[in-house]
């Protein structure tokens with residue numbers, strides 16, 4: 001079993017300005033410290049992955065965890081972590097509330113798997129100390145430059 005992480009923003013102009021590197025740090029820590037602690041059902045043990053999908057929309061104003069959604073073809077258990085949009089995007093440094101709400105969602109989720117909150121909060125503290133204020137984890141807007149000079153319009 002291994003954790004994956006993803007994000008899905010289905011509403012235009014409704015996403016977080018968070019570096020993917022932060023999500024990678026969280027995923028790495030969870031795979032090292034939590035995956036072996038999970039009390040999985042026999043059905044869940046048949047899957048290879050647990051995907052933690054961060055999502056939001058303009059009306060999301062509290063942390064929610066939705067799922068599980070089972071993808072048998074790809075052997076993935078999907079959990080949606082709904083994070084409050086305005087509370088995160090209204091701050092200059094989105095990493096701080098993002099991490100707070102992300103880990104609040106993980107506490108809710110991992111309670112189902114009998115993982116103690118202290119274990120999750122310990123990882124939260126470790127990740128927060130590593131990424132907050134660290135330029136390596138700052139969000140950089142990605143832009144794509146297209147060269148259409150070879151096309152005949």
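Derivation of every value follows stated rules applied to the coordinates shown; laboratory data play no part. Small disclaimer: the values here were computed from a predicted structure and weren't measured. Note that each Cβ is placed from the backbone with ideal geometry, even for glycine, and that neighbours are counted across all protein chains shown.
Applying the selection to region 1-10, what residues are assigned to a loop (DSSP other than H, G, I, E, B) and under 22 Å from residue 112 (Cα atoms)?
Residues of region 1-10 that are assigned to a loop (DSSP other than H, G, I, E, B), as a first pass: 1, 9-10.
Answer for region 1-10, where residues must be assigned to a loop (DSSP other than H, G, I, E, B) and under 22 Å from residue 112 (Cα atoms): just 1.
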message = Suppose we filter region 20-63 for residues that are touching a helix residue (DSSP H, G or I) at 6+ places or on another chain (Cβ under 6 Å), more than 20 Å from residue 115 (Cβ to Cβ) and crowded, with 17+ Cβ neighbours inside 10 Å; how many remain?
response = 3
inquiry  = For region 55-100, give me the residue count where each residue is in a helix (DSSP H, G or I) and under 17 Å from residue 128 (Cβ atoms).
reply    = 8
key: Failed item, numbered, when residue 66 is tested on (1) under 16 Å from the mean Cα position of the chain (by Cα); (2) farther than 23 Å from residue 9 by Cβ; (3) loosely packed, with under 15 Cβ neighbours inside 10 Å   = (2)
query = Exactly one of (1) in contact with a strand residue (DSSP E or B) (Cβ under 9 Å, 6 or more places away or on another chain); (2) within 19 Å of residue 44 (Cβ to Cβ); (3) touching a residue at least 40 places away in the same chain (Cβ under 8 Å) is unmet by residue 115. Its number?
reply = (1)
message = Looking only at region 16-47, count every residue that is in a loop (DSSP other than H, G, I, E, B) and either over 12 Å from the mean Cα position of the chain (by Cα) or more than 27 Å from residue 90 (Cβ to Cβ) (or both) and tell me the total.
response = 9
Residues that are surrounded by 19 or more Cβ atoms within 10 Å (Cβ to Cβ) and more than 14 Å from residue 8 (Cβ to Cβ), drawn from region 71-83 = 77
query = Among (1) part of a strand (DSSP E or B); (2) loosely packed, with under 12 Cβ neighbours inside 10 Å, which single condition is residue 13 missing?
reply = (1)
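Any chance you could count how many residues in region 101-153 are in a loop (DSSP other than H, G, I, E, B) and more than 29 Å from residue 37 (Cβ to Cβ)? Lay out the reasoning, then the answer.
Within region 101-153, the first condition is being in a loop (DSSP other than H, G, I, E, B), and the residues that meet it are 112-116, 132-134, 138-153.
When the remaining residues are screened for being more than 29 Å from residue 37 (Cβ to Cβ), the result is 133, 138-153.
Number of matching residues: 17.
Results for (1) free of Cβ contacts under 8 Å to residues at least 24 places away in the same chain; (2) under 16 Å from the mean Cα position of the chain (by Cα); (3) surrounded by fewer than 17 Cβ atoms within 10 Å (Cβ to Cβ); (4) over 29 Å from residue 58 (Cβ atoms), shown as yes or no for each residue.
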site: 92; (1), (2), (3), (4): yes, no, yes, no
site: 95; (1), (2), (3), (4): no, yes, no, no
site: 101; (1), (2), (3), (4): no, yes, no, no
site: 104; (1), (2), (3), (4): no, yes, no, no
site: 107; (1), (2), (3), (4): yes, yes, no, no
site: 123; (1), (2), (3), (4): no, yes, no, yes
site: 131; (1), (2), (3), (4): no, yes, no, no
site: 140; (1), (2), (3), (4): no, no, yes, no
site: 152; (1), (2), (3), (4): yes, no, yes, yes
